[in-house]
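Accompanying notes for the structure given below.
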Amino acid sequence: MNTIAATDRTPPSTDDLTFLSMVTLFRDIPNHDLRFLARLLQHQEYAAGRMIFEKDAQTSDLVIIQDGTVSVFIPHGGQMLELARLGRGSYFGEMAIFDDYARSASAIAVTDVRVSLIGKDAFRSFLRFHPATLFQMCKVFSHRIRNTNSMLTKR
């Protein structure tokens, strides 16, 4: 999807705008950027126990949880090494937006889950025209790396 096609779509729902404004990744971006971003959302549901994606998969959507709980994990020695348990407003799969590598972890629905997806190409196009969002994402990613470093040094 290109940026022009996204502007031709129906205006975003109030629910989508409200939801995106509470997601940490997008909380501080300007409202006009948020409205445009909401037009890119695609919605999907997963039943409890269903795999959302597996490690090494070639999928590339950013996934934002609207309802439910997701476990992000790495299969290791026949077991699941859980990296994070995420709920409403959390997101995962963001690395796939920026690189062309396979998924680095797996994600499974712990409960019934409703998510919003943003495709890689559409999101990259959005970022080219809405750079304030990219800066906000860098701040959030830096915070995640600091938390990971802290967690690892405590082991």
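Computed on the stretch 3-153, with alpha-carbon pairs under 8 angstrom and 6+ residues apart, the relative contact order is 29 percent.
Legend: ranking of residues T69, T18 from fewest to most surrounding C-beta atoms inside 10 Å; resulting order T18, T69. Using just its DSSP H runs of length 4 or more, each adding -39500 (n - 2.57), the chain gives a mean residue ellipticity at 222 nm of -11000 deg cm²/dmol after division by all residues. Applying the Karplus relation 6.51 cos²θ - 1.76 cosθ + 1.60 with θ = phi - 60° to the stretch 118-123 yields 3J(HN,Hα) values of 10, x, 4, 5, 5, 5 Hz, where x marks Gly and Pro.
Each of E94, E82 was scored by other Cβ atoms within 10 Å of its Cβ. Arranged with the fewest first, they read E82, E94. Residues in the stretch 106-113 carry Karplus couplings, in order, of 9, 9, 10, 6, 7, 10, 4, 10 Hz; the curve used is 6.51 cos²θ - 1.76 cosθ + 1.60 with θ = phi - 60°, and Gly or Pro positions show x. Taking all Cα pairs closer than 8 Å and separated by 6 or more residues, the relative contact order of the stretch 73-155 comes to 21 percent. Between the amide H of I52 and those of A107, I108, A109, distances stay under 5 Å, these residues lying 5 or more places away or on another chain, with hydrogens modeled in the peptide plane.
Projected label points at A102 and R128, each 7 Å from Cα along the beta carbon direction, are separated by 2.9 nanometres. A simple spin-label model places the labels of E54 and R114 2.9 nm from each other, with each point 7 Å out along Cα-to-Cβ. Phi angles of the stretch 58-74 translate, via the Karplus equation with coefficients 6.51, -1.76, 1.60 and θ = phi - 60°, into HN-Hα couplings of 9, 7, 8, 7, 7, 10, 10, 7, 8, 8, x, 10, 10, 9, 9, 8, 10 Hz per residue; Gly and Pro are given as x. Assuming charge only on the beta carbon of Lys and Arg (+1) and of Asp and Glu (-1), the dipole of the chain about its Cα centre is about 480 debye to the nearest 20.
Of the residues L117, T148, H130, the one whose Cα sits farthest toward the positive end of the charge dipole of the chain, with +1 on the Cβ of Lys and Arg and -1 on the Cβ of Asp and Glu, is T148. Between Q44 and Q79, residue separation times 0.36 nm minus the direct Cα-Cα distance comes to 9.9 nm. For the stretch 3-153, the convex hull drawn through the C-alpha positions has a volume of 112 cubic angstrom per residue.
Potential lengthening of the chain between F135 and S21 amounts to 39.4 nm, from the contour at 0.36 nm per residue minus the alpha-carbon distance.
Read-outs: derived from the displayed coordinates by stated rules, not from any lab. Fair warning: this is a prediction, and the values are worked out from it, not measured in the lab. As a convention, Cβ positions derive from the backbone with ideal geometry for all residues, glycine included, and neighbour counts pool all protein chains shown.
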